[in-house]
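S.K.: Quick one: this structure, given as structure tokens, is what I'll be asking you about.
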């Protein structure tokens, strides 16, 4: 579990470089090590469009591993439209351009007989892999589940989805294979004062990070408009005959 004191410190440092826009020739998510603190925020219904865009950006193979079938755009949109933001929890990681590069869905059982159980699903865009985002989303979802009274978290995945099953095993989960499909389940500890404080601070860090990125993006657009006006004025002056 991440120390809350370090998270508070990170919240003051999280946007130090945001006002420096990425170079035009730099990919949106150039391969680089993940930051020590990865801001993960809860997503509400106002993020539906970005969630849909993220899932539609997955390659066919990734869609197959995420949903268990080759989901088409229409099926993905139906999935997003039926997300229950009041019952379930959706977590996301945004890059500096406010693109949702990784997200997780913690789905609660819609049956009182299984109210202490939840299922975890995750997706990460190809260009953002290799940074531990999937594992961090699992940790964030697990912490929320603990604080919400969940005692058992499940992962249902295709047996060939080694990345997902690896996350479960590293967390101490038990994986059972049944042909082409696998079930992983993890017994969660009871909530504590530390788990509640840590989740609260992590969410605050993520909210701060998102708003700083939002302001930085708006500032970049403002500067681009000012520069365009200046270039137009300079071009107009240059066209005036001597």
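Quick grid of which residues meet (1) over 15 Å from the mean Cα position of the chain (by Cα); (2) at pLDDT 95 or above:
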site	(1), (2)
38	no, no
68	yes, no
79	yes, yes
91	no, yes
103	no, yes
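S.K.: Give the residues of segment 170-202 that are in a helix (DSSP H, G or I) and over 30 Å from residue 68 (Cα atoms), sorted by residue number. Even if it seems obvious, please write down each step before you answer.
M.R.: We begin by selecting, within segment 170-202, every residue in a helix (DSSP H, G or I); these are 170, 193-202.
Passing the criteria: 193, 194, 195, 196, 197, 198, 199, 200, 201, 202.
S.K.: Under 6 Å between Cβ atoms, which residue pairs at least 6 apart in sequence (or on different chains) link something in segment 110-129 that is under 15 Å from residue 95 (Cβ atoms) with a partner that is in a loop (DSSP other than H, G, I, E, B) and modelled with pLDDT under 90?
M.R.: Note: pairs meeting the criteria are 127/29; 128/29.
S.K.: Report, ordered by the first and then the second residue, all pairs with beta carbons closer than 7 Å, sequence separation of six or more or different chains, a first member in segment 48-62 that is more than 16 Å from residue 93 (Cβ to Cβ), and a second member that is modelled with pLDDT of 95 or more and exposed (fewer than 13 other Cβ atoms within 10 Å of the Cβ).
M.R.: What qualifies is 56/73.
S.K.: What residue, of 118, 141, is under 26 Å from residue 193 (Cα atoms), over 15 Å from the mean Cα position of the chain (by Cα) and buried (at least 20 other Cβ atoms within 10 Å of the Cβ)?
M.R.: On the way: 141 fails: over 15 Å from the mean Cα position of the chain (by Cα).
From the options 118, 141, the qualifying one is 118.
S.K.: Just to be sure before I move on: is residue 98 under 14 Å from the mean Cα position of the chain (by Cα), under 25 Å from residue 180 (Cα atoms) and either part of a strand (DSSP E or B) or at pLDDT below 95 (or both) in the structure I sent? I'd like the intermediate steps shown before the answer.
M.R.: On the way: under 14 Å from the mean Cα position of the chain (by Cα): yes; under 25 Å from residue 180 (Cα atoms): no; either part of a strand (DSSP E or B) or at pLDDT below 95 (or both): yes.
Spelling it out, it is not the case that residue 98 is under 14 Å from the mean Cα position of the chain (by Cα), under 25 Å from residue 180 (Cα atoms) and either part of a strand (DSSP E or B) or at pLDDT below 95 (or both).
S.K.: Is it true that some residue in segment 112-122 is touching a strand residue (DSSP E or B) at 6+ places or on another chain (Cβ under 9 Å) and farther than 20 Å from residue 190 by Cα?
M.R.: Filtering segment 112-122 for residues touching a strand residue (DSSP E or B) at 6+ places or on another chain (Cβ under 9 Å) gives 114-122.
Narrowing the set further to residues that are farther than 20 Å from residue 190 by Cα leaves 121-122.
Scanning segment 112-122 turns up at least one residue that is touching a strand residue (DSSP E or B) at 6+ places or on another chain (Cβ under 9 Å) and farther than 20 Å from residue 190 by Cα.
S.K.: Filter segment 163-193 down to the residues that are surrounded by 14 or more Cβ atoms within 10 Å (Cβ to Cβ) and more than 14 Å from residue 138 (Cα to Cα) and list them by number.
M.R.: 175, 181, 182, 183, 191
S.K.: Consider residue 111 carefully, then state whether it is within 30 Å of residue 215 (Cβ to Cβ) and surrounded by fewer than 18 Cβ atoms within 10 Å (Cβ to Cβ). Give the derivation first.
M.R.: On the way: within 30 Å of residue 215 (Cβ to Cβ): no; surrounded by fewer than 18 Cβ atoms within 10 Å (Cβ to Cβ): yes.
No.
The values are calculated or read from the model by the stated rules, or taken from the named source; none is laboratory data. Every value quoted in this text rests on a predicted model; they were computed, and no experiment measured them. Note that each Cβ is placed from the backbone with ideal geometry, even for glycine, and that neighbours are counted across all protein chains shown.
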